[in-house]
Amino acid sequence: MGGVAVSPATPVLTLSTIGKDYAAPVLDDVSLVLNAGEVLALTGENGAGKSTLSKIVCGLVPPTRGQMLLGGQAFRPTSRRDAERFGVRMVMQELGLVSTLSVAENLLLDRLPNRAGWIDRAELHAQAARQLAKIGMHGIDPATKVSRLGIGQQQMVEIARNLQDDTRVLVLDEPTAMLTPRETTHLFEQIDLLKARGVAIVYVSHRLEELQRIADRVAVLRDGRLVDVRAMAGLREEELVQRMVGREVLQDEGRARRVAGPVLLTARGIGRAQAVRDVNLELRAGEVMGLAGLVGSGRTELVRLLFGADRADRGEITLHANGQVTQQVRKGWRSPMQAIRAGIGLVTEDRKSQGLLLPQSIRVNTTLSDLGAISRGGWLQRAKERGIAQRLSTLLRVRSRNIEQPVSTLSGGNQQKVVFARWLHRECKVLLLDEPTRGVDVGARADLYAELDRMTDAGKALLMVSSDLRELMAMCDRIGVMSAGRLVAVFERGQWSEQSLLAAAFSDAAGRGDPHLTSTTLSTPATAVTP
Amino acid sequence: MNAAANPVPAKSDAPSASSAFRGQLGTYLGLTAVLVGMIALFGSMSEYFLTRDTFVSIANEIPALAVMAVGMTFVLIIAGIDLSVGSVLALSAAVTAAAILQWKLAVPLAALLGLATGLVCGTVTGAVSVAWRLPSFIVSLGMLEAVRGGAYLVTDSRTQYVGDAISGLAAPWIGGISVAFVLAVVLVVVAQLVLTRTVFGRQVVGIGTNEEAMRLAGIDPRPIRIIVFALTGLLAGLAGLMQSARLEAADPNAGVGIELQVIAAVVIGGTSLMGGRGSVVNTFFGVLIIAVLEAGLAQVGASEPSKRIITGAVIVVAVIIDTLRQRRADRKGL
Amino acid sequence: MNAAANPVPAKSDAPSASSAFRGQLGTYLGLTAVLVGMIALFGSMSEYFLTRDTFVSIANEIPALAVMAVGMTFVLIIAGIDLSVGSVLALSAAVTAAAILQWKLAVPLAALLGLATGLVCGTVTGAVSVAWRLPSFIVSLGMLEAVRGGAYLVTDSRTQYVGDAISGLAAPWIGGISVAFVLAVVLVVVAQLVLTRTVFGRQVVGIGTNEEAMRLAGIDPRPIRIIVFALTGLLAGLAGLMQSARLEAADPNAGVGIELQVIAAVVIGGTSLMGGRGSVVNTFFGVLIIAVLEAGLAQVGASEPSKRIITGAVIVVAVIIDTLRQRRADRKGL
Amino acid sequence: QEKPKVALVMKSLANEFFRTMEDGAKAHQKAHAAEYTLVANGIKDETDTAAQIKMVEQMVAQKINALVIAPADSKALVPVIKAAIDKGILVVNIDNQLDADALKEKGILVPFVGPDNRAGAKLVGDALAKELKAGDKVGIIEGVSTTFNAQQRTLGYQDAMKAGGMTVVGVQSGQWEIDKGNTVAAGMMREHPDLKALLAGNDSMALGAVAAVKAAGKTGKVLVVGYDNIGAIKPMLADGRVLATADQFAAKQAVFGIETALKAIADKKKQADMPAVVKTDVVLVTKASK
Ligand SMILES: Nc1ncnc2c1ncn2[C@@H]1O[C@H](COP(=O)(O)OP(=O)(O)OP(=O)(O)O)[C@@H](O)[C@H]1O
Ligand SMILES: Nc1ncnc2c1ncn2[C@@H]1O[C@H](COP(=O)(O)OP(=O)(O)OP(=O)(O)O)[C@@H](O)[C@H]1O
Ligand SMILES: [Mg+2]
Ligand SMILES: [Mg+2]
């Protein structure tokens, strides 16, 4: 349906000349009006200030300058709690759940139903179930511990937590970054309902196709300044990208297949318990293989086995060079160290818990994968280290004050770039990338793609897991599809279509007669979901 | 279409009541095995170990340790630590004794004063560490020293003999079991319920797991932290009363070094020092293991070096067994 | 258009050397203030405190504590803890003494044997906690007991008089300062350089910050953990030598409870118990604060209760002052 | 009829004094193996009264016939001793005398076999006084201040110093430990550069004091005395770094206690009929002795 403008605009929230300084200004002179019943998309490059602006609205961060008006009254929330009293709520970019508590307890964390302090479990679970039902999570037992949920389901719980009846303003900061198409669909249905109730919604995302589907207006931030606000209807994607980055971004959808070189890595019958079942695959020099599949289909598990992050319990991995077998390991690698020594790298899916040393600097995080290269006799060579970190950080356009900035203070997308930079620092022959562009903006994505191209040109083999089918179709030479732990199909460039990929993704589940997984909308959110 | 709405079949797992119970039993399996093994061993080494007398005397020895361990479990769950419990125990006992002997207060009033002393000490530890956001390790280490000094002052560095005025708490009751033991068991049960069934308990677990998330959810962690330390102080005070009831005296050196024993009991029970995870009932098993070990070694008359070496080994082995069992269960559970 | 294309002006600012130096000095400001304050106070209370003798004798008393604190700093940085250092100190001293007195080994050989004992103890703690992934708290608590038992066995629970065979380490050297002190200072400097300038140091800090990330970056955390504990054991062994050199005797009860003092020194120096952050030089300041406090209180002849109360208060206040200063600096820094 | 079973409960077996006591008792039992069996136990930490009480309770559970105890605390052990007596166990008190008032309140009598620490300390103090002049400054390093023995020994030292006209400039606790004794001794010498002697409550602290004297370069100028006559002190006595110490015959004390108990059992005596006090010897040990 695109963005059909909602009729008479009643301003709910007005921002005027909002600014925020950390060491340097990160937001400056932002003025915006948010109307009842509209979805305002907020977009812009990584580190443009989207999350910061959202946090200011929701009381998490005090603005350095400027005022806000909520329903005509001055609005100066001092905490998230304070903002929520006024019906201003936020789904944060980073998960904020308590992993040792149950889903129900997380949903009602600050208002557990109780009698004199004793929790009323029946009531707790009933309320939680109602809230989960709202976003289509019927099957989840509210008593399940959050630590047992997948990352996508956790995100849904986080969203469910903020769907309160009294909400006037709802800010969603990259809510779909970890969701599959189906979950995204449910979220959009919910957003439509909220809109109809007159809730004003701020929607932060890098997925431009989503914005087409959901947003009424779009606001673009660049370097902390608002560069454009306009109606979504009729806006072409290229135009939007141009606004965001201030430059042309190459979109090579119709690229030709790269010339594949010799096989570098083969996996035969590799598997681990039920998560990955006897997968065979080959990675060739100079090409990018994609891995598509639903959440929990085992893609992450598979790349972790190929990297030795988990130990396989069957199968073998073989490395080749110049047509010769150079190394063969039964039951996979013993450890990541062994795999890395053999020339394999992995950009992990969860950058916070598995990728980064958050309190440490960009420099330290970048050089971590190969300390040998920046040391002599065990002593670090600081100048050399700084040089390398500086070069990579500039190359990937990491937005930071300097390379000594702790990565914990970087924006999400820039953190992702630092993880990627690490594997540019350490030369590897085979690079495994698990959702490498999650939370990365269009411009930076293009930079990253260009970097991947350079790597394939240099004869490296790449394996890329992504939930974004468009990205896979744009980048890959072959796409493997996983379903319920099996690699069910491998498509060559030119042979695939969105439909065929999705059909494969659902095939195994369907084959085993799982009623949950058959008859749903098989598509990316951008195209097929439209009612 | 609604059925399809749920991508992950979420394993339809409201664990049924009976399986939950089996699960619970499972959790105690590792520790129970260690305990039974130890009892069997000591039984085979000493003809009088497997007698009612032995178990009654063990039961009457543990209340002080158990009560402190209950508090310490909560403290460890919020990722804190309280090294001052031993000193607080001594000071509370000292104040009670002084109240009876010097200030001539009635016994119940004196006992209340002792408990209040514990409460105040705990509150100070909690408040100081919260106010300046200091690690509770260092604050409670400071308290360990300072409160011990206080105990010396109050007792004039001499054991104060109180007599049987307060011995009621330790007096044998049903079948030789003392009131203190019953009280300790009741406390364990209540504390476990509080931890799992109350708003406060859930907040404690939440703060230990992800304090920032709790804060963002609008729950102020600070008062909860302070309350946990205050309760631990109160329980250490109670332990002081229990101990002086047994000794009929207040010893200024009571409980020196006991903090490590208390923490060992809690950790043997599987509570994590990193916070967020713990169970009071499991802690009680840890207390039992330590108490049985101590009693058994004394009965068989082990030499000092072998006592030490065996104690060290048992602590580590108990944790290894429990950890391995836990891991097996986790793997099956997922 | 190009300017816009590069969102990162990358300000070419590796912080200049001089500002880095000023930053460094700043870090020590809080602790220096506490230290100077204490010295001034004791100076005003005792006419003989501000003399060369006092400082020389303090300098000669601290090496053992300082050396153990260096090891403990590394252990805390990897988010571990080692409670066994006091027992290891005693056992190493005991083995050295036994080697000299009973097995009639040459003194250097005996000293090496003592150091090796420390190394082995530390390696065991590290290896056990790594192999079964147990909290080092509990493993080292087990070692605390078991190793102490070993010390009793080796000494037959009797203080062994060694005489001046090994007293060279503690003998006054330049201006009354002992070799041990110089050694301790050199160790502090070297350890700080290792921590900040070597691959090993970088790995230690990384493991303390996010072990899983390190593993996935290709660094096996296990050997590094074991090495850290092994080094700590070795340093505790060295402390044992230093202490027995100074006292000319190996006391089976040496170092009882010293683990808390060592950890206090490290934490006063700002190292986090949660891992990932710490500085050996700051630890040394912590050691100085504790040593000056102890020596000062002994010199002014404070009573036992007041010693305790003052010690507790100073520990907490020192940490508060340092924390406040640190926070101010952090705010300015960002 | 079975052999009687005697339990010996001591303070810390990590302390040389009690180790010697234990060895003496075990040797005696070996020599009289036909007459009785022995369970010897000590606590981990000398001041851990509660642990010692537990130990007594465990011994009662072991159905012993007699208990020979060196109480960690002279008052706090009385209730549990009363409980043991009520179960028909004969109790003999050694080393550290139980508090008379507490015993009276409980209405029990417990024979004491042991030395007089105050008198012993006075012996050592007198020996030191001979080497000093009236008006000389001395410092006392006390054991754990809360223990009865520490207090008695300090009193004995003070008695002797008062008699000799010396000035006691300070009493500080060295916690019975060599290292703490060293720190305290060093502090006292700095504060009183004209200090002439250090009186340590046990030999471990005396060892610490000797090291401090050496470090201050005052060997021979500051005299040191100790108490207990442990093995490590002998070379120091020989070369004069320690002037004197006292021997309480640890090995014999336990034996006397055990013999008192065995005799009562043989004579079928009741607790109340046992002799009240058996004083054991304390002798002064100096370079000259033996
Ligand atoms: N606590 C902080 N200290 C210093 N700088 C900060 C802090 N928080 C954010 N910044 C900086 O503010 C800028 C804006 O960050 P923000 O998270 O708002 O970006 P974003 O637009 O949400 O980016 P992304 O798309 O990657 O999520 C970034 O350059 C970031 O480094
Ligand atoms: N049925 C399920 N219920 C709950 N959790 C599940 C289920 N299936 C898989 N998971 C968990 O979801 C996570 C995702 O699985 P995995 O990483 O192997 O697949 P993926 O295809 O990479 O998914 P994602 O898109 O989330 O990365 C895993 O941690 C897995 O344990
Ligand atoms: Mg963001
Ligand atoms: Mg994945």
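Each residue, B:LEU50 and D:LYS3, gets one label point 7 Å from its Cα in the Cβ direction; the gap between the two is 2.5 nm. Between A:TYR22 and A:SER335, the modelled label-to-label distance comes to 3.4 nm, taking each label 7 Å out from Cα in the direction of the beta carbon.
Between A:GLN381 and A:VAL229, what FRET efficiency comes out of the Förster formula 1/(1 + (r/R0)^6) with R0 = 45 Å and r the beta carbon distance, rounded to 0.05?
Working: r = 49 Å, r/R0 = 1.09.
Plugging the Cβ-Cβ distance into 1/(1 + (r/R0)^6) gives 0.40.
Taking a straight line from the alpha carbon of D:LYS122, these aspartates and glutamates sit under 20 Å away, with near neighbours fewer than eight places off in the same chain left out: D:ASP95, D:GLU131, D:ASP136, D:GLU142, D:ASP159, D:ASP203, D:ASP228, D:ASP247, D:ASP281. Take B:THR51, push a point 7 Å out from Cα through the beta-carbon direction, and compare it with the same point in every other copy: 6.4 nm, smallest first.
Here the Gaussian network model covers chain C, with springs between Cα atoms less than 10 Å apart; of C:THR271, C:THR232, C:THR54, C:THR54 fluctuates the most.
At 4 °C and a viscosity of 1.567 mPa s, what translational diffusion coefficient does Stokes-Einstein give for chain B, taking Rh as the Kirkwood radius over Cα pairs? Give it in µm²/s as a whole number. If you can, show how the numbers build up before the last one.
Working: Rh = 21.1 Å.
Calculated translational D: 62 µm²/s.
Report the residues of segment A:147-183 in range of a label on A:ARG255: point 7 Å along Cα→C-beta, backbone N strictly under 14 Å from it. Answer for this model: none.
Note on B:ARG197 and D:ASP267: their simple-model spin labels are 6.3 nm apart, each label 7 Å out from Cα toward Cβ.
Here the accessible area is traced with a 1.4 Å probe on the protein chains. For segment C:49-333, carbon and sulfur cover 69 percent of it.
P(r) for segment B:160-302, from all Cα pairs and a bin width of 10 Å, is 10, 31, 35, 17, 6, 1 %, short bins first.
Among chain C residues, the one whose Cβ is nearest the axis of the rotation from C to B, given with its distance rounded to whole Å, is C:GLY257, 3.
For the protein assembly as shown, go through all pairs of different Cα atoms, get the mean of 1/r, take its inverse, and jot down that Kirkwood value in Å.
Details: mean 1/r = 0.0283 Å⁻¹.
Averaging 1/r across every pair of different Cα atoms and inverting gives 35.4 Å.
Quick one: net charge of A:ALA267's neighbours, Cβ under 9 Å, K/R +1, D/E -1? Working shown, then result.
Numbers: positive: A:ARG268; negative: A:GLU282, A:GLU316.
Here the count lands on -1.
Helix B:52-61 and the longest principal axis of the C-alpha atoms of chain B enclose an angle of approximately 90°.
How much net charge surrounds C:ILE219 when only the other residues with a Cβ under 14 Å from the Cβ of C:ILE219 are counted, with Lys and Arg +1 and Asp and Glu -1? Intermediate values should be presented prior to the final figure.
Working: positive: A:ARG341, A:ARG422, A:ARG426, C:ARG202, C:ARG215, C:ARG222, C:ARG225; negative: A:ASP370, C:GLU211, C:GLU212, C:ASP220.
Result for the local shell: +3.
Among B:ALA59, B:ALA298, B:ALA127, the largest mean-square fluctuation in a Gaussian network model of chain B (Cα springs under 10 Å) belongs to B:ALA298. Think of chain C as a dipole: +1 on every Lys or Arg Cβ, -1 on every Asp or Glu Cβ, centred on the Cα centre; then among C:VAL199, C:LEU216, C:SER84, C:LEU216 lies furthest on the positive end. Each Cα pair under 8 Å and six or more residues apart adds its separation to the average, and for chain D the resulting relative contact order is 19 percent. For C:VAL36, the label point sits 7 Å beyond Cα toward Cβ; its separations from the matching points on the remaining copies run 6.7 nm, from shortest to longest. 3J(HN,Hα) along segment C:214-228: 5, 4, 6, 8, x, 10, 6, x, 5, x, 5, 4, 5, 4, 4 Hz, from the Karplus curve 6.51 cos²θ - 1.76 cosθ + 1.60 with θ = phi - 60°, whole Hz, x for Gly and Pro. Within 10 Å of the Cβ of each residue in A:352-359, the mean number of Cβ atoms contributed by other protein chains is 5. Each principal axis of the Cα cloud of segment A:278-434 was evaluated for its coordinate range; sorted largest first, these ranges are 46, 40, 27 Å.
Calculate, for D:THR219 and C:ALA116, the FRET efficiency according to 1/(1 + (r/R0)^6) with r their C-beta to C-beta distance and R0 35 Å; round to the nearest 0.05. If you can, show how the numbers build up before the last one.
Values: r = 33 Å, r/R0 = 0.95.
The formula returns an efficiency of 0.60 here.
Each other copy holds its own label point for C:ASP164; taking that point as 7 Å from Cα along Cα to Cβ, the gaps run 6.2 nm, nearest first. Relative to the dominant Cα principal axis of chain C, helix C:17-45 is inclined by about 40°.
Residue separation times 0.36 nm, minus the C-alpha to C-alpha distance between A:GLU427 and A:ARG148: what's the value?
On the way: separation 279, 0.36 × 279 = 100.44 nm, distance 3.56 nm.
Gain on extension, A:GLU427 to A:ARG148, equals 96.9 nm.
Taking the average, over residues, of other Cβ atoms within 10 Å as the packing measure, peptides D:265-275, A:220-230, A:46-56, A:400-410 rank A:46-56, A:400-410, A:220-230, D:265-275 from highest down. Relative to its Kirkwood radius, the Cα radius of gyration of segment A:347-427 gives an Rg/Rh of 0.94.
I'd like the trypsin sites (Lys or Arg not before Pro) in segment B:72-176 restricted to DSSP loop residues with at most 11 other Cβ atoms within 10 Å, sorted by number.
B:LYS104, B:ARG133
Can you check what the net charge comes to around B:LEU83, using other residues whose Cβ is under 15 Å from the Cβ of B:LEU83 (Lys, Arg +1; Asp, Glu -1)?
Numbers: positive: B:ARG148, C:ARG308; negative: B:ASP82, B:GLU145, B:GLU259, C:GLU259.
In short, -2.
Divide the volume of the convex hull around the Cα atoms of segment D:159-280 by the residue count and you get 134 Å³ per residue. Counting only residues at least eight positions apart within a chain, or on another chain, the aspartates and glutamates with an alpha carbon under 18 Å from that of A:LYS384 are A:ASP370, A:GLU404, A:GLU427, C:ASP13. Among D:ALA206, D:ALA215, D:ALA186, the residue with the largest mean-square fluctuation in a Gaussian network model of chain D, with springs joining Cα atoms closer than 10 Å, is D:ALA215. Exceedance of the 21 Å cut-off in Cα-Cα distance is limited, within the set D:LYS11/D:LYS287; D:LYS137/D:LYS218; A:LYS134/A:LYS352; D:LYS5/D:LYS26, to D:LYS11/D:LYS287; A:LYS134/A:LYS352.
Between 0 and 90 degrees, the angle of helix D:203-215 with respect to the longest Cα principal axis of chain D falls at about 20 degrees.
Which residue, chosen from D:THR37, D:VAL282, A:GLY49, occupies the Cα position most advanced towards the positive end of the dipole of the protein assembly as shown, where the dipole is computed from +1 (Lys, Arg) and -1 (Asp, Glu) charges on Cβ about the Cα centre? The listed residue farthest towards the positive side: A:GLY49.
From the P(r) of chain A, could you give the percentage of C-alpha pairs in the tail past 37 Å? It works out to 32 percent of all Cα pairs. Of all DSSP beta bridges confined to chain A, the antiparallel ones make up roughly 60%.
The values are calculated or read from the model by the stated rules, or taken from the named source; none is laboratory data. If you're wondering where the values come from, they're calculated on a predicted model, not measured in any experiment. Note that we place each Cβ from the backbone using ideal geometry, even for glycine, and neighbour counts take in every protein chain shown. Each accessible area value is taken on the protein alone, full model and side chains, heavy atoms only, with ligands, DNA and RNA left out. Shrake-Rupley method; radii C 1.70, N 1.55, O 1.52, S 1.80 Å.
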